[in-house]
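Participant: Here it is, the structure, as structure tokens.
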Amino acid sequence: MDILQAVSEALEQVKAKKPLVHQLTNFVTANDCANVTLALGGSPVMTNDPGEVEEMVSFASALVLNIGTLNGQLVDSMILAGKKAAEKGIPVIFDPVGAGATRLRSTAAERIIREIPLAVIRGNMSEIKTLAGINEGIRGVDSTAGQEQGEAVAMNLATRLGCVVAITGPIDIIARKDEVYHISNGHPLLASVTGTGCMSTALTACFCGVGDSFIGAIAGVATMGIAGEIAQKSLTGTEGLGTFRVRLIDAISNMTGSTFQAYAKIAQMKGA
Amino acid sequence: MDILQAVSEALEQVKAKKPLVHQLTNFVTANDCANVTLALGGSPVMTNDPGEVEEMVSFASALVLNIGTLNGQLVDSMILAGKKAAEKGIPVIFDPVGAGATRLRSTAAERIIREIPLAVIRGNMSEIKTLAGINEGIRGVDSTAGQEQGEAVAMNLATRLGCVVAITGPIDIIARKDEVYHISNGHPLLASVTGTGCMSTALTACFCGVGDSFIGAIAGVATMGIAGEIAQKSLTGTEGLGTFRVRLIDAISNMTGSTFQAYAKIAQMKGA
Amino acid sequence: MDILQAVSEALEQVKAKKPLVHQLTNFVTANDCANVTLALGGSPVMTNDPGEVEEMVSFASALVLNIGTLNGQLVDSMILAGKKAAEKGIPVIFDPVGAGATRLRSTAAERIIREIPLAVIRGNMSEIKTLAGINEGIRGVDSTAGQEQGEAVAMNLATRLGCVVAITGPIDIIARKDEVYHISNGHPLLASVTGTGCMSTALTACFCGVGDSFIGAIAGVATMGIAGEIAQKSLTGTEGLGTFRVRLIDAISNMTGSTFQAYAKIAQMKGA
């Protein structure tokens with residue numbers, strides 16, 4: 001597999017098919033997630049209500065479950081939507097925001113991975129270690145755990161759950177049972193804009209909505225990293241984080257196969 | 001009536017009177033709706049809580065009901081606020097986001113049009129056809145239905161409900177019982193930013209808060225379309241959807257009567 | 001105390017310690033509050049769920065309670081989180097958005113000031129007068145009351161509650177029992193972007209998370225005012241409120257001690 005070609009083709013598919021991506025997500029970054037979905041070429045719908053999520057997901061191409069803010073019946077809605085998606089063969093992309101930070105989040109995350117067949121889990125190192133049962137102190141919803149053993153953790157979790165596991169960080173790890181890729185794109189400024197993790201998950205869902213989930217996770221995470229590099233390079237004079245955030249969306253909306261060819265730093269570490 | 005003069009005067013009234021616009025709306029685009037309200041010259045307040053919506057709407061100049069995300073008691077709050085607004089003679093502007101996409105949304109929309117006397121309904125073709133009882137497949141919250149018969153549908157619904165009906169799309173249709181206008185402003189990029197429909201509704205509410213609802217709907221929809229044109233024309237180099245979205249707000253905040261004179265493509269199709 | 005030096009040192013502390021700021025806040029401006037927290041150097045976490053707020057606040061450096069949108073159990077969550085914060089010695093910063101506008105808000109605000117030991121209250125003149133028991137008509141969530149007697153009101157409330165009281169407006173008043181500062185930074189455009197008050201509160205919380213609350217309130221309010229001036233001065237040509245809002249975040253992310261030295265208009269009015 002020529003990974004850059006596969007990723008470029010996936011992007012073309014998103015633009016051609018405009019996948020509807022149903023997102024059960026938090027109220028802090030929902031607007032950004034909708035806008036990156038549109039910027040890539042997908043179509044977002046963000047409803048959380050238990051009275052309609054099964055019906056809504058039925059005509060979606062992918063489903064995002066993001067536990068960034070857990071309000072009332074949100075996890076119940078996620079289970080309803082996730083089961084319907086599984087029944088229909090619609091890929092489910094899970095973002096375990098802050099898993100490990102509180103019992104409520106860890107319990108919600110564990111319930112989701114137990115009850116819903118997932119296509120991709122995208123989180124930071126602490127969150128993924130929590131899902132893997134590796135207990136470490138974490139602080140808020142940002143990762144402080146080291147990146148050691150991440151590859152093994154990701155492969156083990158992927159094998160156990162039969163899904164793709166993406167750990168984002170300075171070097172992103174995208175793993176499935178017998179294969180691991182590293183992505184070395186991105187810029188530290190991405191950690192200074194809220195929701196860049198959530199946005200990576202939304203982008204991944206767009207790609208998963210039109211094809212293979214492993215390619216989808218690589219493409220989604222690489223898109224965000226490359227957009228971060230392009231946005232950062234564009235900054236001049238007194239431009240700061242506000243402008244950086246605007247240029248992220250600019251870069252995503254301008255992304256093409258040529259952008260991947262020029263910027264992507266994707267390397268296979270394990271696998272055929 | 002010189003429509004451009006009427007629209008320009010309505011804009012001056014918004015800037016002079018700073019109408020308070022109470023918006024019961026979704027969590028995805030609420031921030032954008034508040035910011036366009038301020039950019040035009042109005043004053044937004046966004047509370048949804050059933051314990052205060054009647055009191056809050058009592059000193060508002062217009063009320064928006066937007067069903068983009070239906071959470072818990074939101075429709076009940078909308079009915080409470082809508083009835084109080086009707087009692088006080090405050091115009092109610094309804095945005096039936098995604099009506100037709102799920103039973104929950106269709107039921108909520110039907111309840112609102114049955115129980116609340118509306119000043120304006122602003123939606124896309126599929127949403128308005130759903131309210132009119134014309135059943136078609138729709139996909140998520142975006143319209144896929146054709147624009148045929150839109151004019152007749154809008155006039156019939158407007159006549160039945162005694163309100164203004166605005167259908168936004170490539171050519172916007174603004175109708176009341178015996179009168180129809182077309183607005184040919186706008187740009188396809190508007191469909192690639194989340195919430196531009198919701199924002200049109202918020203702008204319409206600002207205008208309705210200071211005067212006639214038919215002029216208000218024309219002015220609100222035209223403002224968004226013109227802002228889209230100005231924002232798109234301003235893009236250079238690698239600027240994309242992020243910058244486009246920022247420039248939309250710039251254009252709305254810079255809007256004057258002269259802007260309408262220079263850009264507006266508003267034509268009366270039927271009526272005296 | 002050299003106030004500019006104190007404020008500059010507080011900023012350095014924020015950047016060095018990256019305080020985790022737990023914010024129970026409204027859904028309209030939560031994204032902006034998270035982004036200004038990051039832009040200043042802090043780390044935001046925005047959960048409202050009563051099932052996790054006590055656990056989450058336990059490892060935070062400051063807690064924000066913002067009643068901009070009161071949904072369901074939000075006040076109960078605020079009381080839980082506030083009591084836990086008090087128990088742990090974590091400063092609580094309260095933003096009584098719209099207190100006085102409805103009974104629900106006034107009741108919520110009164111409950112919070114009665115049950116939670118606060119470090120800082122940051123509001124506009126009408127909101128603070130409501131908390132002080134001075135009944136005046138207010139309109140929506142924006143202040144219309146005059147600025148007369150503000151200083152006395154702030155000092156009295158600060159004395160009664162044993163906290164810092166910050167009244168933002170054309171001239172900001174920062175008061176504690178026996179000391180008052182005025183801040184004359186800012187620009188009228190700040191009132192035309194939603195959430196600039198909420199953002200001032202979030203910035204104040206970042207500063208309070210690393211040191212003295214009186215310095216924190218001065219620093220937080222001054223940062224927003226200075227950012228408003230820098231953002232406004234940067235506007236050229238057809239740039240309007242959209243660009244202004246982006247530049248606000250730029251300015252906050254570029255803020256240094258030198259910025260305070262160059263721009264701050266902070267004057268002690270009463271005190272040793």
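Participant: Could you pull out the residue among C:Ser61, C:Ser8 that is open to solvent by 10 Å² or more (accessible area, probe 1.4 Å) and touching a Pro at 6+ places or on another chain (Cβ under 6 Å)?
Facilitator: Values: C:Ser8 fails: touching a Pro at 6+ places or on another chain (Cβ under 6 Å).
Just one listed residue meets the conditions, C:Ser61.
Participant: Report yes if some residue within the stretch A:238-245 is touching an Asp or Glu at 6+ places or on another chain (Cβ under 7 Å), at pLDDT 95 or above, buried (at least 19 other Cβ atoms within 10 Å of the Cβ) and under 21 Å from A:Val180 (Cα atoms); otherwise report no.
Facilitator: no
Participant: Checking the structure you have, find out if any residue of the stretch B:30-42 is surrounded by fewer than 24 Cβ atoms within 10 Å (Cβ to Cβ), modelled with pLDDT of 95 or more and either at positive phi or away from chain C (no Cβ under 13 Å) (or both).
Facilitator: yes
Participant: Now for a different question. For the stretch C:1-25, enumerate the residues that are part of a helix (DSSP H, G or I) and within 14 Å of chain A (Cβ to nearest Cβ).
Facilitator: Across the stretch C:1-25, the qualifying residues are C:Val14, C:Lys15, C:Lys17.
Participant: Hey, another quick one. When you scan the stretch A:66-77, do you find a residue that is open to solvent by 10 Å² or more (accessible area, probe 1.4 Å) and on the phi > 0 side of the Ramachandran plot, even just one?
Facilitator: Checking the stretch A:66-77: at least one residue is open to solvent by 10 Å² or more (accessible area, probe 1.4 Å) and on the phi > 0 side of the Ramachandran plot.
Participant: Among the numbered conditions (1) outside any helix (DSSP H, G or I); (2) within 14 Å of chain A (Cβ to nearest Cβ); (3) closer than 19 Å to B:His22 by Cα, tell me where B:Gly237 comes up short.
Facilitator: (3)
Participant: So if I check each of C:Val210, C:Val193, C:Val221, C:Val246, which one is under 23 Å from A:Ser192 (Cα atoms), touching a Pro at 6+ places or on another chain (Cβ under 9 Å) and of a type in the set (Val, Ile, Thr)?
Facilitator: On the way: C:Val193 fails: touching a Pro at 6+ places or on another chain (Cβ under 9 Å); C:Val221 fails: touching a Pro at 6+ places or on another chain (Cβ under 9 Å); C:Val246 fails: touching a Pro at 6+ places or on another chain (Cβ under 9 Å).
Within the list C:Val210, C:Val193, C:Val221, C:Val246, the selection yields C:Val210.
Participant: Identify, from the list C:Gly242, C:Gly209, C:Gly225, C:Gly237, the residue that is within 26 Å of C:Met46 (Cα to Cα) and free of Cβ contacts under 8 Å to residues at least 24 places away in the same chain.
Facilitator: Working: C:Gly209 fails: free of Cβ contacts under 8 Å to residues at least 24 places away in the same chain; C:Gly225 fails: free of Cβ contacts under 8 Å to residues at least 24 places away in the same chain; C:Gly237 fails: within 26 Å of C:Met46 (Cα to Cα).
Only one candidate passes the filter, namely C:Gly242.
Participant: Select from the stretch C:80-107 the residues that are open to solvent by 10 Å² or more (accessible area, probe 1.4 Å) and of a type in the set (A, V, I, L, M) and list them in ascending order. Even if it seems obvious, please write down each step before you answer.
Facilitator: Initial filter on the stretch C:80-107 (open to solvent by 10 Å² or more (accessible area, probe 1.4 Å)): C:80, C:83-84, C:86-91, C:97, C:100, C:103-104, C:106-107.
Within the stretch C:80-107, C:Leu80, C:Ala86, C:Ile90, C:Val97, C:Leu104 qualify.
Participant: Let me ask you something else. Cβ-Cβ below 6 Å, separation at least six or inter-chain, first residue in the stretch C:72-87 and farther than 19 Å from C:Phe27 by Cα, second among the charged types (D, E, K, R) and open to solvent by 10 Å² or more (accessible area, probe 1.4 Å): which pairs?
Facilitator: Pairs that qualify, where the first residue is farther than 19 Å from C:Phe27 by Cα and the partner is among the charged types (D, E, K, R) and open to solvent by 10 Å² or more (accessible area, probe 1.4 Å), are C:Leu80/C:Glu54; C:Lys84/C:Glu54.
The values are calculated or read from the model by the stated rules, or taken from the named source; none is laboratory data. Values in this document were obtained by computation on a predicted structure and should not be read as measured data. Methodologically, a virtual Cβ is constructed for each residue, glycine included, from the backbone with ideal geometry; neighbour enumeration extends over all protein chains shown. To get the accessible areas, we keep the full protein, side chains included, count just its heavy atoms, and leave off ligands, DNA and RNA. Shrake-Rupley method; radii C 1.70, N 1.55, O 1.52, S 1.80 Å.
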